[in-house]
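The structure appears right after this line, and notes come after that.
Coordinate-derived values only; no laboratory data. Given the structure is predicted, the values throughout are model-derived calculations rather than measurements. FYI the Cβ positions are ideal-geometry reconstructions off the backbone, even for glycines, and counts take in every protein chain you see.
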Amino acid sequence: MMERQMEYNTERPQLILPEYGRAVHEAVAHCLAIEDPAERQACAEQIVRIMASVVQERYAQEDTRRKLWNHLAQMSGYQLDVDYPVEIDPQEENSHPQPMAYPMKSIHRRQFGYLLEQAVAYVNSLPYDERREALSAQVDSLINRAVSQPDMKESVSKKKKKR
């Protein structure tokens, strides 16, 4: 009896464009191996139709066709020798935006959040008058509402038990 080994995705080559799935990437690899130019062209057109059906709701703009053919060229490593109906732009490969820096701010009471902490600081900076009393009551209401949420009750009660 022949023993079958399981093949995990972590052991397979990484996908260039994972949104199309492994089957489309394998179809592109098959298309690269086809020697007949007419058959290779038909295969490439069929792959683009499959790609369009896979991500139809994401690429509903007018430049869908250009984007799909560019993705096909990118998945083939720009080695696919077919007649592209659009101009292929190899610079689109690095079109991912740079990650944004997450602002790290010092928050003394993380369970209430930064904005509520800023609201308390603002109310404390006001002179004693009716406006400060009204804002203080609103901030107090927000704090009570934050504490009364189900997940906050558990975390606050756990902290009280530790003390």
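Tabulated results
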quantity: Average Cα contact separation per residue, the range 18-94, under 8 Å, 6 or more apart, as relative contact order %; calculated: 35
quantity: Gained length - Thr64 relative to Met6, 0.36 nm times residue gap less alpha-carbon distance; calculated: 17.2 nm
quantity: At q = 0.18, 0.24 Å⁻¹, base-10 log of I(q)/I(0) for the range 18-94 (Debye sum, equal scatterers on each alpha carbon); calculated: -0.68, -1.23
quantity: The range 1-50: GluC sites (Glu not before Pro) in DSSP loop, at most 12 other beta carbons within 10 Å; calculated: Glu3, Glu7, Glu11, Glu35
